[in-house]
Amino acid sequence: MRRYVRLFPLLLLLLLSCDRMTSEKVFRKGLVVSSDRIASEVGLDILKQGGNAIDAVCATALSLAVTFPRAGNLGGGGFALIHTSDSQPVSFIDFRETAPGNINPKYYLDDSGKVVRARAIVGPGSAGTPGTVAGLYEMHRKYGQLQWNQVVHPARMLADTGFIVGASLAASLADYSDDLSQFRSTAEIFVKDGRTVQRGERLRQEDLALSLVLIEEKGRDGFYLGETAVKIADFCQAQDGFISLSDLESYQPVWREPVRFNYAGLDIFTAPLPSSGGVVMGQILKILDRYELSKYTALRSEYIHLFTESARLAFADREAYLGDPDFGHDFSKSLLDDAYLTSRTQSIRTDQASASEDVQPGIPDQSRESDNTTHLVVADGAGNVVSLTYTINLNYGSKAVVAGAGFLLNNEMDDFAIAVGQPNAFGLIGGEANKIEPKKRMLSSMTPTIILKANHPYLALGSPGGSKIITAVAQTIINYATFGESLTNAISLPRFHHQWQPDNLFVERAGFPAATLEVLRALGHNVVERDRYSEVMGVSFSEEGSYFSGVADARGSGYVAGY
Ligand code: GLY
């Protein structure tokens with residue numbers, strides 16, 4: 001048996017060395033890649049009705065709130081990049097949750113100042129003011145083609161008439177059975193007679209359908225004002241939560257400039273603050289662009305070592321400098337500055353791993369500038385592309401469904417640096433820039449990305465996975481653009497992750513040749529094997545963007561629907 005495990009990486013390499021386009025079906029008119037088959041098919045149907053990529057992404061995201069409750073949501077937030085055929089190259093919308101106005105940061109600490117993790121991740125107290133509905137509505141207002149109610153209707157029908165639960169949802173609900181039983185309003189939907197909803201059963205969600213009817217009829221006001229807003233505020237008030245009617249009424253999504261940088265001759269657009277994703281991935285890729293990576297492959301120790309050292313430096317800066325740009329100076333440009341990165345790169349040795357305790361955040365020019373989430377990509381035949389990541393943070397968020405409204409609240413407050421020096425659920429240590437403040441957006445790692453080459457779409461991708469999102473997306477880009485892998489291979493290849501602290505090089509179990517791991521250990525890396533992680537969704541484009549193919553990571557249950 002051990003021999004087969006050792007042979008696995010070699011067999012994988014053999015399988016992956018097929019031609020770049022062999023395994024992917026090509027489409028010309030439209031394509032939806034999401035974590036769930038039913039939701040992808042809803043998006044495809046909207047495209048077939050004459051909707052554009054923006055209509056389809058909204059319909060898919062709303063449907064995921066019904067069929068993929070561990071991450072699809074109305075009660076969370078996210079980010080989207082939009083490339084349209086007739087506007088500026090790529091726009092970015094931030095619909096991240098905000099800390100409630102009357103937040104009490106001490107709620108998350110015990111008397112000795114230690115974080116009470118359960119308070120940060122369970123129940124309404126862990127929730128920020130949701131942004132998803134406002135974000136989707138605003139995207140649609142600006143770029144949508146169909147009527148808003150047409151876009152919402154399929155999700156409402158799925159909630160109302162129900163859908164047959166598949167193997168993946170049934171298994172996930174069973175895994176979280178205890179968590180989902182903690183709140184009566186949650187258990188009433190997902191846990192019947194002491195057991196979670198089973199594969200093959202029909203799941204109807206009447207309260208969620210009612211919330212969706214209000215959104216369908218009244219747009220964003222159907223969520224942020226009136227009946228649903230009152231349900232959220234009352235539910236929070238009754239159970240140690242902070243979100244108020246005024247937080248909901250005043251919530252606003254924000255259009256921001258995306259992070260834009262060049263890697264391997266490609267024009268990469270990705271998430272700006274309050275996501276750390278774009279800055280951290282930008283640092284990693286810009287540092288790596290100084291090395292001749294193309295002489296390696298994805299499983300070679302030399303490449304993994306260089307990537308790890310770059311990630312270590314980038315994540316050290318994440319802690320020191322990144323937070324909501326509306327609450328302090330935004331150092332993104334300085335952190336991505338070529339001269340600054342040259343100075344940072346000097347500490348990288350090819351013959352030895354650094355120790356994270358010796359690596360400190362750098363000193364950029366500060367005068368110049370002030371496990372779960374889900375990703376979806378939609379492309380249409382008119383040249384529009386949307387790359388959207390949204391989340392309620394951990395699987396099933398705060399585990400608390402708003403009574404009478406049928407949707408889960410996020411537990412995004414844990415993404416703040418609740419206490420300096422104490423790691424959050426992803427092991428990330430936050431700094432002053434990411435401390436809790438009323439109405440502030442908590443730092444994210446979501447990294448929706450759109451890449452253009454010669455002004456045409458080249459690749460659009462993203463992933464769930466907390467801090468691991470950033471390295472998963474960066475590695476997929478390198479696998480595809482530098483190592484010349486097909487998109488299927490680029491996404492399937494084993495992943496590794498380093499985030500400065502803890503000083504571990506995480507590698508997917510049974511993914512890498514034993515010899516590679518031996519070299520990495522000899523260089524001084526603390527190699528730790530872990531289960532497969534993240535779920536990259538991607539779409540690649542032909543040279544002029546006229547046809548495209550999509551890949552849903554085989555690590556998850558995603559589905560590509562196209563025509
Ligand atoms: N909640 C995970 C993230 O935004 O990075």
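Considering only region 260-274, state which residues are of a type in the set (A, V, I, L, M, F, W, C) and assigned to a strand (DSSP E or B).
Across region 260-274, the qualifying residues are 261, 266, 268, 269.
Would you check if there is a residue in region 43-62 being within 16 Å of the ligand (Cβ to nearest atom), more than 16 Å from residue 137 (Cβ to Cβ), open to solvent by less than 10 Å² (accessible area, probe 1.4 Å) and modelled with pLDDT of 95 or more?
Filtering region 43-62 down to residues within 16 Å of the ligand (Cβ to nearest atom) leaves 61.
Still in the list and also more than 16 Å from residue 137 (Cβ to Cβ): none.
The answer is no; no qualifying residue exists.
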Looking only at region 398-424, and only at residues there that are open to solvent by 20 Å² or more (accessible area, probe 1.4 Å) and within 22 Å of residue 227 (Cα to Cα), the one that is farthest from the ligand (Cβ to nearest atom): 404
First in region 342-359 and closer than 15 Å to residue 317 by Cβ, second anywhere and surrounded by 12 or more Cβ atoms within 10 Å (Cβ to Cβ) and of a type in the set (Asp, Glu), Cβ under 6 Å, 6 or more apart: 348/309; 356/503
Yes/no for residue 386 being open to solvent by less than 10 Å² (accessible area, probe 1.4 Å), closer than 25 Å to residue 123 by Cα, modelled with pLDDT of 95 or more and more than 15 Å from the ligand (Cβ to nearest atom): no
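Every residue, every condition in (1) at pLDDT 95 or above; (2) within 16 Å of the ligand (Cβ to nearest atom); (3) surrounded by 20 or more Cβ atoms within 10 Å (Cβ to Cβ), yes or no:
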{"residue": "294", "(1), (2), (3)": "yes, no, no"}
{"residue": "315", "(1), (2), (3)": "yes, yes, yes"}
{"residue": "349", "(1), (2), (3)": "yes, no, no"}
{"residue": "379", "(1), (2), (3)": "yes, no, yes"}
{"residue": "396", "(1), (2), (3)": "yes, yes, yes"}
Selection count where residues are surrounded by fewer than 21 Cβ atoms within 10 Å (Cβ to Cβ) and in contact with a strand residue (DSSP E or B) (Cβ under 7 Å, 6 or more places away or on another chain), scope region 274-292: 1
Failed criterion for residue 518 (all others in (1) of a type outside the set (A, V, I, L, M, F, W, C); (2) farther than 23 Å from residue 428 by Cα; (3) open to solvent by less than 20 Å² (accessible area, probe 1.4 Å) hold): (3)
Residues located in region 211-259, provided they are touching a helix residue (DSSP H, G or I) at 6+ places or on another chain (Cβ under 7 Å), among the aromatic types (Phe, Trp, Tyr) and not in a loop (DSSP other than H, G, I, E, B): 223, 224, 235
Helices (runs of 4 or more DSSP H) contained in region 114-167 and holding at least 1 residues open to solvent by 30 Å² or more (accessible area, probe 1.4 Å) and over 27 Å from residue 394 (Cβ atoms): 132-143, 148-161
Region 436-465, subset open to solvent by 10 Å² or more (accessible area, probe 1.4 Å) and on the phi > 0 side of the Ramachandran plot, residue nearest to the ligand (Cβ to nearest atom): 439
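The values are calculated or read from the model by the stated rules, or taken from the named source; none is laboratory data. Not measured: the values here are computed from a predicted model. We place every Cβ from the backbone using ideal geometry, glycine too, and count neighbours over all the protein chains shown. The protein model used for the area step is the full one, side chains on, heavy atoms only, and it has no ligands, DNA or RNA in it. Shrake-Rupley method; radii C 1.70, N 1.55, O 1.52, S 1.80 Å.
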